[in-house]
1. How far apart, in nm, are two points set 7 Å out from the Cα along the Cα-to-Cβ line at D60 and at D360?
2. Give the separation of the Cα centroids, segment 99-158 to segment 269-311, in Å.
3. Hey, in the GNM for the chain with a 10 angstrom Cα cutoff, which one of G366, G75, G296 fluctuates hardest?
4. Using the alpha-carbon atoms, what tilt in degrees (0 to 90, nearest 10) does helix 2-18 show relative to the longest principal axis of the chain?
5. Using alpha-carbon pairs under 8 Å, 6+ residues apart, how would you state the relative contact order of the chain in percent?
6. How would you rank 174-182, 340-348, highest first, on the average number of other Cβ atoms within 10 Å across their residues?
7. So which lysines can K138 reach, going by Cα to Cα under 18 Å and dropping same-chain residues fewer than 8 places off?
8. How many percent of Cα pairs in segment 284-333 exceed 19 Å?
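What follows draws every value from the coordinates through simple rules; no lab data is involved. Because the structure is a prediction, the values reported are computed rather than measured. Here the Cβ is made from the backbone with ideal geometry for all residues, glycine too, and neighbour counts use every protein chain on show.
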Amino acid sequence: MKLQLIGLILGIVILREIRAREAITSAPDVGQIIKDLDGLQIDGATFERGAPCRVDVQKDLPRPDQAQPLYLRPGTDLYWLPNADGHLEIPRGASIELHCSSQSFAPLNGESLDAELRSLRVKCVQDNTFEWQGAKIKLRDLVCSHSIPYTVERLDRRCADGDVTSSPSTSFLYRVGYDTGDGRFVATMELCHDPNHLRTHYARHRLTPASVHFQKNVKRLKFSAAGHFAGFDMARIYSHKSQEKLMAPLGLIDVKSGLFLARGHLAAKADLIYASQQRSSFNYVNVAPQWQSFNGGQWAVLEDHTRRYVASSGISASVYTGTYGEMKLAGSKSLHLTTDANNNGVLAVPQLFYRVLIDDGHPTRGIALLGVNNPHATLAQIHESYIICDPVEEQVEWLGWMHKSNAKGNLKKGYLYACSVADLARAVGELPRPLLQVDELLG
């Protein structure tokens, strides 16, 4: 009987998928089928009647200054992400996995938990109440004893879709995230990085409508080399003292007015929802030298508008945020923040930053947004040397803010423009080659 019921309800689900755009009247016995399925277990999952649990990621999880666990779909390497309203939604009777990696859980209600316990699954009861080992708990009650350390791991794959043996490029793919110790790796972003030149070409992550609900007040960590950049003191290189020594003779730096080079996030902290995701962004592989007046100016505006566009349009978007070219000094010499053992310039200051959005539901549709990373460039210089693809912002309705921002004329805060993704990919060889097929504009 149960197998017949399962077959019937699956048939109805398939019919709904095929006719998703049509209004469908429920079969007379669907209500009875759902009643019969109440409590039925299929592959370990329990179907129960009633509203799902809803957990507000701002209010119902541990405070951002506490060591939050990873919130995972059980047995997978995937975060359980909130919905467009910023709520974790777990079906009645279903479980969510909480993982503390190499750390154990802190005491619960004054009682210490098993020191070997790294992961546990709690079952939705109702509202924001869950059950674990017969006790009713809230997700905010479950905290790791210490912050979970993230990993930046180099893969045996080169960028632009090449493998280690076939590509002459010195740029490798890296993954950032959390090694659970049981064969799973919970990734927060992917990076294309050239360790020889200390340059990250792009970071790849995803934006969803929930991204605007990123957890607030997550403490900014100290940036970490995460086991990379051997022989280079990255904190010293980015320090104001080091920059002043390098650029004061050139008249390029004025720390008080924001004319200095910041560690500009590629995958932005505010693009990432959970505290654990945000903290993993504070690694030197995920940054590039970005003028602070631009970082806190037009680039911050661009990041905010892309998050809000994804939320308002209801799409999920793959995001590539990267760098192009090298900022030129007088005489066409490039600006680098340091040199290698052979006295060759490394850690170049990029000429441009870009952000590519691709609609996951329509992968040939996207947009490339670019910003000039040179507060000293004139408008004439920008039009002559910084426009690397045909501008299309006037063709895209939701980019109306971009024209207004540029019209204010404060070039120290940056100059922005937009192109088709395919056009940018033709200019930026490090981007994956399938992006050459993304020729429809997102908007």
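1. 2.2
2. 27
3. G75
4. That helix lies at roughly 40 degrees to the long axis.
5. This gives 11 percent for the chain.
6. Numbers: 174-182: 19.0, 340-348: 13.3.
Peptide ranking by packing, descending: 174-182, 340-348.
7. Partners found: K59, K123.
8. Numbers: 561 of 1225 pairs.
Result: 46 percent of Cα pairs exceed 19 Å.
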